[in-house]
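A short worksheet on the structure shown next.
The values are calculated or read from the model by the stated rules, or taken from the named source; none is laboratory data. For clarity, every value in this text was computed on a predicted model and none was experimentally measured. Note that each Cβ is placed from the backbone with ideal geometry, even for glycine, and that neighbours are counted across all protein chains shown.
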Amino acid sequence: MRARDLIRSAARGVRPRRVRSWLTAASFAAGTAAAIALFAITGGAREELLHELRALGADLLAVRTVGKVNANDPAALTFADAVAVRESFPFVREVAPVRQVEASVLLPDERISVEVIGTTSDYFSLRRLRFTRGRPFSREEADAGAAVCVVGEATERRLAAFGEVYGALVKVGASWCRVIGTLGTEASSGAGLGSVGGQGGRELYLPITTTLRRDLSDRQEVREILLRVAGGVEPESAAPVILRALARRHDGQHPFEILTARDLLEQQRRARGLLDALLAAVAVLALGLGGVGLAALSWQAVAARTREIAIRRAIGASRGEVLAQFVAEGLLLAAGGGLSGAFAGGVGSAVVARLEGWPWTLAPGHVAIVCAVAIGVGLAATIVPARSAALLDPVVALRLDA
């Protein structure tokens, strides 16, 4: 029997059980759709992590506060700690303490909420932020607490409704500052080391000394300290040395952690593990249900078509042809459901990823693997019933049917 005739015969065979056939194919479609979405989202996440690692640089470290600190407890990480790290370790090239403060910018007819990030001039090079206009504030401006600021893309867009932003004076809280730089969209969207804030460009950057009380500047808390080590120094080796030095400054306690770029990206990968596990569970469950349903459908077909099998065998059909007939019917449902599910999973995950801003990458090899698994499950589910049909004795089968 030719392949075309076999497919036509398989299509005629599944037609009388149309509802159960559609439900079985739908199970395979759901399983492959979930698997394709899993590959697409995790593949995109992997590419994004690698991109961020290359963008951040492997020589970047971040010291961050951890745990809930009571208001009466001493500061977990201070501006003085950042100064000490810069002065104590020759292998540290750049240091940027970071403070985060909610504030508002006064406009002619409203106030807009912004996220003020107090930091030093090194912050912009450490984060490798891209300027669309202007420049970061200099080290001298940062040390002196100059009345200058840099705005994120969303903040600039809000301010632009009332005139030119670059070079303008804006009132942040109770103080005035001049905008000397504006950041691009890419600079405000990442979630890597030093991504304190991350409010889609709603940031406004000030010299950190501007955000500190003059009488308590050394002891005031900072959210994190970013630093870059010199070339040839392994960040993984430098991290425990810096951590021990900071712990000694806090009487042996260290309510903070120090992360390398790889550490943080690994944390992000684990955070997405729940979604990956959920999609994997849906894929396995749906394909398993599809396999069970297909096996039951095949056994039902063999029992209902005993007379047809006997007549075919009596007029000369070989056992191999009977076996191929029932296997083809199962594979038709598995392959049809698998291919439609692969298409739906690819399109659906791409749409969701675009709407949510997630990365999306799908390799053709992954599509082939998922479809092959679906077809394999279909083959495993139908081979035993098909073999039972092929081994039926025509005389015994006609007697039983009578």
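Here are the numbers for the structure shown:
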read-out	value
Region 176-190: number of residues that are at pLDDT 85 or above and out of contact with any Leu (no Cβ under 6 Å at 6 or more places or on another chain)	5
Cross-chain or 6+ apart pairs with Cβ under 7 Å, region 24-52 first and at pLDDT below 80, then small (Gly, Ala, Ser)	LEU38/ALA280; LEU38/ALA283; ILE41/SER349; ILE41/ALA353; GLY43/ALA363; GLY44/ALA353; GLU52/GLY190; GLU52/GLY192
Subset of region 126-179 [aromatic (Phe, Trp, Tyr), surrounded by fewer than 21 Cβ atoms within 10 Å (Cβ to Cβ) and in a loop (DSSP other than H, G, I, E, B)]	PHE162, TYR166
Residue in region 351-362 that is in contact with a Leu (Cβ under 7 Å, 6 or more places away or on another chain) and in contact (Cβ under 8 Å) with a residue 24 or more places away in the chain present	no
Residues of region 218-244 that turn out to be part of a loop (DSSP other than H, G, I, E, B) and not charged (D, E, K, R), as a count	6
Flag if SER121 is surrounded by fewer than 15 Cβ atoms within 10 Å (Cβ to Cβ), more than 24 Å from HIS250 (Cβ to Cβ), under 36 Å from the mean Cα position of the chain (by Cα) and touching a residue at least 12 places away in the same chain (Cβ under 8 Å)	no
Residue match in region 160-168 (condition: of a type outside the set (Phe, Trp, Tyr), in contact with an Asp or Glu (Cβ under 9 Å, 6 or more places away or on another chain) and at pLDDT below 85)	no
Region 54-85, subset part of a helix (DSSP H, G or I) and out of contact with any Gly (no Cβ under 8 Å at 6 or more places or on another chain), residue modelled with the lowest pLDDT	ARG54
Among (1) more than 33 Å from the chain's Cα centre (by Cα); (2) buried (at least 20 other Cβ atoms within 10 Å of the Cβ), the one test that LEU323 misses	(2)
Every pair of residues 6+ apart whose Cβ atoms lie under 7 Å, when the first sits in region 299-313 and is at negative phi and assigned by TED's automatic domain parsing to the domain that holds ARG387 while the second is of a type in the set (Ser, Thr, Tyr) and at pLDDT 80 or above	VAL302/SER388
